[in-house]
Structures are given as C-alpha cells and as structure tokens.
1. Ratio of the chain's C-alpha Rg to 2.2 N^0.38 Å, to two decimals?
2. Extension gain F72-K18, at 0.36 nm per residue separation less the Cα-Cα distance, in nm?
3. Using mean Cβ contacts within 10 Å as the protection proxy, how do 70-77, 102-109 order, highest first?
4. Taking H placed 1.01 Å from N in the peptide plane, check which residues at least 5 places from I4 or on another chain put their amide H under 5 Å from its amide H.
5. At H83 and R35, where each label point lies 7 Å from the Cα along Cα→Cβ, what is the point-to-point distance in nanometres?
6. Order of 52-63, 36-47 by packing, highest average Cβ count within 10 Å first?
7. Within the set of other residues whose C-beta is less than 12 Å from the C-beta of A56, count the net charge using Lys and Arg as +1 and Asp and Glu as -1.
8. Quick one: go through segment 17-38 and flag any residue whose amide nitrogen is under 13 Å from the point 7 Å out along the Cα-to-Cβ line of T11.
Amino acid sequence: MERICLDCGATIRGRTDKKFCSDQCRNSYNNRINRESNNFIRNVHGLLRKNRRILADLYEEGKLTVHKDALFALGYNFSFFTHVIESSGGQKDHYCFEYGYRETGNDFIELKQNSRYIDYQ
Ligand SMILES: [Zn+2]
C-alpha cells in the first residue's frame, strides 16, 4: 500500500510506520497543529476575559441585579464561562474566573463574586 506524507502528500519510502517523508515535513505539520490549537485557546480566552471584564465592571459599580439584555448589549457571551458553582439550594452560578451570575427569573441575573479557592473535580 502506498503511504503519503501527512504534510506534503509525497509518497513515503522506508519504514511502514512513517507518517512523513522528512523531518522538515514532520516539524511543519506539528507546528501547524500547534498554531491552530493556540489560536483556538487564545480566542476562547479572549471571550472569557471579555465576559469577566463586563461582570467585574458592573459588580464594581454596585449593579448587582441586571437584565440579561444589558449584558448582551455590552457584548456578553453566555456560552462561555469557566465553571459552575452549585449552591446548597441547587442554584447553578456560572462564573468567568472570580465573577459570576445567578439567574433569578424573568431574564434578570444577580451578580456574584467568589475568589475563594474551590477544589474542582
Ligand atoms: Zn512531506
């Protein structure tokens, strides 16, 4: 069976477990994979930082109860958060780092701050 290099597509000669035609192709392939993965991490981290900034600004201004639309208007993305802390009452608070919120119904949220160390499983 003919094997082709994962990077350049050239036919590979030699050992049957080789995936690349040369060290150069292996390096270029791995660098590309790392770059794509780093871009993804950077983008997600950017979204989380932006969310955190929005929550932190409102919290520091003392606006502890906010309509979700106000967060949308500021560019908040509800799909991204770092963790969830479940209260003893079963409420799930979504956090972006040390700032978070709890849904209180009617599309309002209550802002939270919690920078205690928590042992996440
Ligand atoms: Zn190659």
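1. On the way: Rg = 23.1 Å, N = 121, 2.2 N^0.38 = 13.6 Å.
Taking N as the residue count of the chain, the ratio is 1.69.
2. Working: separation 54, 0.36 × 54 = 19.44 nm, distance 5.03 nm.
Full extension of this stretch gives 14.4 nm more.
3. On the way: 70-77: 14.8, 102-109: 13.1.
Those peptides, ordered most packed to least, come out 70-77, 102-109.
4. I12
5. 3.5 nm
6. Working: 52-63: 15.6, 36-47: 10.7.
Sorting 52-63, 36-47 by mean packing, highest first, produces 52-63, 36-47.
7. On the way: positive: R49, K50, R52, R53, K63, K112; negative: D57, E60, E61, E98.
Result for the local shell: +2.
8. Residues passing the 13 Å test: none.
Read-outs: derived from the displayed coordinates by stated rules, not from any lab. Everything numeric here is computed off the predicted structure, so don't read it as measured data. For neighbour counting, all protein chains shown are included, and Cβ atoms are generated from backbone atoms with ideal geometry for every residue, glycine included.
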